[in-house]
Amino acid sequence: MSAPPSAVIGSTAPTSHRVQANGLSIAYYEWNAARRGHGPTLLFAHATGFHARVWDAAIARLPADWHVVA
């Protein structure tokens with residue numbers, strides 16, 4: 001069963017971020033940053049050689065009020 005389009009993240013664009021850790025620059029994307037700390041946060045991780053946006057299709061189907069990081 002799928003949610004109606006207005007009730008899923010699919011219509012929102014992620015914001016791009018970078019963090020420095022142990023001399024490395026790590027990029028990540030965040031959907032619904034305003035929801036951070038106000039409900040569930042779901043973290044998507046990927047294998048080496050992939051890009052965080054590999055999760056776009058799955059994230060697009062999540063409830064619109066979830067905070068997501070990939």
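Per-structure values
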read-out: Max mean-square fluctuation residue, GNM over the chain, Cα-Cα springs under 10 Å, options Ala45, Ala57, Ala33; value: Ala57
read-out: Heavy atoms of His38: accessible area, 1.4 Å probe, square angstrom to 10; value: 120
read-out: Globularity ratio of the chain, using Cα Rg and 2.2 N^0.38 Å; value: 1.16
read-out: ³J(HN,Hα), Karplus 6.51/-1.76/1.60, whole Hz, each residue of the range 31-44, x for Gly, Pro; value: 10, 6, 4, 5, 8, 3, x, 10, x, x, 10, 10, 9, 9
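The values are calculated or read from the model by the stated rules, or taken from the named source; none is laboratory data. Note that the structure is a prediction, hence the values are computed from the model and not measured. Ligands, DNA and RNA are excluded from the accessible area calculation, which covers all protein heavy atoms including side chains. Shrake-Rupley method; radii C 1.70, N 1.55, O 1.52, S 1.80 Å.
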